[in-house]
1. Do we find a residue being surrounded by fewer than 17 Cβ atoms within 10 Å (Cβ to Cβ) and touching a Leu at 6+ places or on another chain (Cβ under 9 Å) anywhere in the range 15-25?
2. Which condition from (1) under 17 Å from residue 32 (Cβ atoms); (2) surrounded by 10 or more Cβ atoms within 10 Å (Cβ to Cβ) is the one that residue 118 breaks?
3. Between residues in the range 30-50 that are at positive phi and residues that are modelled with pLDDT of 90 or more and in a strand (DSSP E or B), which pairs lie under 6 Å by C-beta distance while being six or more apart or on different chains?
4. Which numbered condition trips up residue 51, out of (1) out of contact with any Leu (no Cβ under 6 Å at 6 or more places or on another chain); (2) of a type outside the set (Val, Ile, Thr); (3) in a loop (DSSP other than H, G, I, E, B)?
5. Under the condition of being open to solvent by less than 60 Å² (accessible area, probe 1.4 Å) and touching a residue at least 60 places away in the same chain (Cβ under 8 Å), which residue from the range 61-81 is farthest from residue 113 (Cα to Cα)?
6. For the condition loosely packed, with under 12 Cβ neighbours inside 10 Å, at pLDDT below 90 and either assigned to a helix (DSSP H, G or I) or out of contact with any Asp or Glu (no Cβ under 7 Å at 6 or more places or on another chain) (or both), what is the one hit in 142, 42?
Amino acid sequence: MNETELTVAGRLVADPEHRTTRAGVQFTIFRLATNARRRNREGVFVDGPTSYYNVATYRSLGMNSHTSLHKGDPVVVRGRLTINDFQRADDSWGSSADIDAYSVGHDLTFGTTEYVKSGRGGDPAAQAAGEGGYDRLKERLEQEEGQDGQSWGAPPVTAGAKGEPPAPEEPVAAHEPEEVEAVSA
């Protein structure tokens, strides 16, 4: 049988949901919205109708999708399309476009991302190799900021009252949960 494979670029409608099948296979589902922008007769760009897709990612792709994706993220999904008909509670019929994803990634047209290799199973060496992605990104951004005095997305540095740059803000300390004693009834 012929299968329909497609690539769709769009944005997540909600945060992904992580689930496990009865057989123990982990998967993540999310909903993707996309629409085409076209020029009308006057030459002005207008949004076309929005299409929604239910996307399912399995095993490691599912785990990584759940960790990496959030509501509103622009993504590109490649996978197998199926159209499913269903009957609603009011006896009316509907259909859904579902994609079993082969690969998922952020759409870099709208921003940047950093790849961090995920660990495999219980191998501590592989997990350690995947750690530190945030620290590497933070170090790189601090180095780039030091080169020209300005970082991407930050407001321009303005001089203080005496022509000096403003003092850096103090970092906010993480809130530590207080220890609570157990009370017996």
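The values are calculated or read from the model by the stated rules, or taken from the named source; none is laboratory data. All figures in this text were calculated on a predicted structure; none of them were measured in a lab. Reconstructed Cβ throughout: ideal geometry from the backbone, glycine too, with neighbour counts over all protein chains shown. Ligands, DNA and RNA are excluded from the accessible area calculation, which covers all protein heavy atoms including side chains. Shrake-Rupley method; radii C 1.70, N 1.55, O 1.52, S 1.80 Å.
1. At the first step, the residues of the range 15-25 found to be surrounded by fewer than 17 Cβ atoms within 10 Å (Cβ to Cβ) are 15, 17-25.
Within this subset, residues satisfying the condition of being touching a Leu at 6+ places or on another chain (Cβ under 9 Å) are 15.
Within the range 15-25, one or more residues are surrounded by fewer than 17 Cβ atoms within 10 Å (Cβ to Cβ) and touching a Leu at 6+ places or on another chain (Cβ under 9 Å).
2. (1)
3. Close Cβ pairs satisfying both conditions: none exist.
4. (3)
5. 81
6. Details: 42 fails: at pLDDT below 90.
Residue meeting the stated conditions: 142.
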